[in-house]
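I have placed the structure first, in the form of structure tokens, so that the comments after it can refer back to it.
The values are calculated or read from the model by the stated rules, or taken from the named source; none is laboratory data. Worth saying up front: this structure is predicted, and the values here are computed from it rather than measured. Because the Cβ atoms are built from the backbone with ideal geometry, glycine has one as well, and the counts that use them run over all protein chains shown.
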């Protein structure tokens, strides 16, 4: 019998548990360590922040889900990993031994690295559903008293996509409320240019994003380092491409959402040979740690080097496509080790698989993240009710799994439209003028039709 432990029950950890199950032998046991039982779907947080979703619609209780799958759920949280002893110390003082460990903790949010950053300071965040709910309250205050808005990502950040997504979501909602003309918008980013995304661009993201931002009258500052944030005022230093200081900005704001830098969680940070100085887990091409070969890591907690030098520190994003590839390879490699074979599966760290679709997503700010294809919230679309996790399809073939999930979405959309009184009538009561389903992603079609 082997004890396999997954630390973390977010997107990476939950997917990891489901992918591992078919790889285990009958006598093996799988345990997942989480902080509490409530799971929330992070890619939908931007919707919660403007009221397009309620938090209960993107939350589920993992206790029943894991019980049905025969997975032991430990809700005390992980206090410290002891790889030299093959043990994880839990938050309540107890511990669990393991034969194989998968670190899928996600990151710790480094708000403390910039004075005034974060929900406990003077800016908002969409990194957690609690933050998104707080951002929603702040947005309603903005709607009542319009003023300047500053959106972006600070130095050292690596998750730039959600910053752009939230920028366009917020702009769309302000237009719907007929407030956009009273709200100047500025995008502040540590990227060397708009659309860099931590990847040195994907196709023509620079041109596409700059064009969209000009069309929507959004100003921007790149190569930006945030020095401090006070009540309604952000101090920003802009750098030239050669790394010299170019200009200092004092940006007033009535509302700001700035994504922070990430670092490894306390449970693994500072463990020699397991993590890098930032606390991210070091892995090889098989997702194994070289010093502790029975320890694997997947998701945002994995150490990945920047794509190149930049005037202001910029990290590399771990996209949904990349995470799914990491998870599948890790499950297959652990399955091989359980059967006395060497690990051979290698994931792709190509982060652009989903981002190539960015061109088609730009005009529709009212769209959930592409990562939502990995999870399906059961129940009628948009209904203000508790969501439930539908089975994450266990098929090993990623393409087949994605096609199956897409079919499930399309089926639900068709059922919903028919229930609402016709193919072009939607939840909001809007009758969409776009009847051609192949063109529903274009401007003019309502967001529920796209």
Would you pick out the residues in the stretch 94-115 that are touching a strand residue (DSSP E or B) at 6+ places or on another chain (Cβ under 8 Å) and assigned to a loop (DSSP other than H, G, I, E, B)? 94, 98, 99, 104, 105, 107, 110, 114, 115
Scanning the stretch 248-289 residue by residue, the ones that are surrounded by fewer than 20 Cβ atoms within 10 Å (Cβ to Cβ), under 15 Å from residue 330 (Cβ atoms) and without any contact (Cβ under 8 Å) to a residue 40 or more places away in the chain total 2
Selection from the stretch 122-139 of residues that are out of contact with any strand residue (DSSP E or B) (no Cβ under 6 Å at 6 or more places or on another chain) and touching a residue at least 12 places away in the same chain (Cβ under 8 Å): 125, 126, 128, 131, 132, 133, 134, 136, 139
Looking only at residues that are without any contact (Cβ under 8 Å) to a residue 24 or more places away in the chain and surrounded by 14 or more Cβ atoms within 10 Å (Cβ to Cβ) in the stretch 94-119, which one is nearest to the chain's Cα centre (by Cα)? 119
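Residues checked against (1) outside the structural domain of residue 137 (by TED's automatic domain parsing); (2) part of a helix (DSSP H, G or I); (3) under 24 Å from the mean Cα position of the chain (by Cα); (4) surrounded by fewer than 20 Cβ atoms within 10 Å (Cβ to Cβ):
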position: 16; (1), (2), (3), (4): yes, yes, yes, no
position: 30; (1), (2), (3), (4): yes, no, no, no
position: 45; (1), (2), (3), (4): yes, yes, yes, no
position: 52; (1), (2), (3), (4): yes, no, yes, yes
position: 70; (1), (2), (3), (4): yes, no, no, yes
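Considering only the stretch 81-93, I want to know if a residue exists there that is crowded, with 22+ Cβ neighbours inside 10 Å, within 23 Å of the chain's Cα centre (by Cα) and either closer than 27 Å to residue 328 by Cβ or assigned by TED's automatic domain parsing to the domain that holds residue 293 (or both).
For the stretch 81-93, residues crowded, with 22+ Cβ neighbours inside 10 Å, within 23 Å of the chain's Cα centre (by Cα) and either closer than 27 Å to residue 328 by Cβ or assigned by TED's automatic domain parsing to the domain that holds residue 293 (or both): absent.
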Restricting to the stretch 132-157, and then to whatever is surrounded by fewer than 24 Cβ atoms within 10 Å (Cβ to Cβ) and part of a loop (DSSP other than H, G, I, E, B), can you tell me which residue is farthest from the chain's Cα centre (by Cα)? 145
Kindly indicate whether residue 25 is over 23 Å from residue 265 (Cβ atoms), in the same structural domain as residue 301 (by TED's automatic domain parsing) and either in a strand (DSSP E or B) or touching a residue at least 24 places away in the same chain (Cβ under 8 Å) (or both). yes
Among the numbered criteria (1) more than 21 Å from residue 55 (Cβ to Cβ); (2) in contact (Cβ under 8 Å) with a residue 40 or more places away in the chain, which one does residue 195 miss? (2)
